[in-house]
Amino acid sequence: MAYTLKGYSHFPYFLLKQLISDLSANGVTAVKCALLKDTYTPAQDTDEDYADISAYEITDDPDLDPDGDYTAGGLDAALLAGGASVSIVGRVTTVDFDDPTLEDCTMGAYKLALYDDTPVADADKKLIAFCDFGALKASNSGTYKVVINAAGLFTITVPA
């Protein structure tokens, strides 16, 4: 089943203000995918940084992460210097990341949030997008993989 990844309202602002780390092929931006409990209610217009979501991660939840496979902070989605891309074709700029994956794990989540993990302080790690799966999505001694849209995480089109 396909799910819709929705952007946090402040992401374009932070991107334009350069509060999101360098999103270029030469950058060293670390983007992570935090897996979240069902108790997290996305506040699209007010959640801004990792500090707003970190308490909802599945870490140490015996039902969602019984073997402790999930590490606080989330799964790597990209290090833009390798594994992700920014491309421009005509008037369309596309940013794409690798699919966050964890092998041989038993865990599950209800939601996820992508964020810029490059800064040191949690309050500086800006949120990019979130997804509500609508139900528990789990792996039992298998691969947990979040498939990012093949067309890219997001595109910006400049009108003619």
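The values are calculated or read from the model by the stated rules, or taken from the named source; none is laboratory data. Everything quoted here is computed from the prediction, not taken from an experiment. For neighbour counting, all protein chains shown are included, and Cβ atoms are generated from backbone atoms with ideal geometry for every residue, glycine included.
So the values come out like this:
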{"item": "Leading residue by the ranking (modelled with the lowest pLDDT) among those in the range 85-102 that are farther than 14 Å from Thr155 by Cβ and not β-branched (Val, Ile, Thr)", "result": "Asp98"}
{"item": "Of all residues making up the range 120-160, the number that are charged (D, E, K, R) and out of contact with any Ser or Thr (no Cβ under 8 Å at 6 or more places or on another chain)", "result": "4"}
{"item": "Qualifying positions in the range 6-28 - modelled with pLDDT of 75 or more and either part of a loop (DSSP other than H, G, I, E, B) or among the β-branched types (Val, Ile, Thr) (or both)", "result": "Tyr8, Ser9, His10"}
{"item": "Selected residue [in a loop (DSSP other than H, G, I, E, B), among the small types (Gly, Ala, Ser) and under 19 Å from Phe11 (Cβ atoms)] from Ala43, Ala34, Ala77, Ala72", "result": "Ala43"}
{"item": "Sole exception among (1) within 15 Å of Thr29 (Cα to Cα); (2) out of contact with any Lys or Arg (no Cβ under 7 Å at 6 or more places or on another chain) for Pro119, by number", "result": "(2)"}
{"item": "Filtered residues of the range 133-160 (kept if of a type outside the set (A, V, I, L, M) and exposed (fewer than 10 other Cβ atoms within 10 Å of the Cβ))", "result": "Ser141, Pro159"}
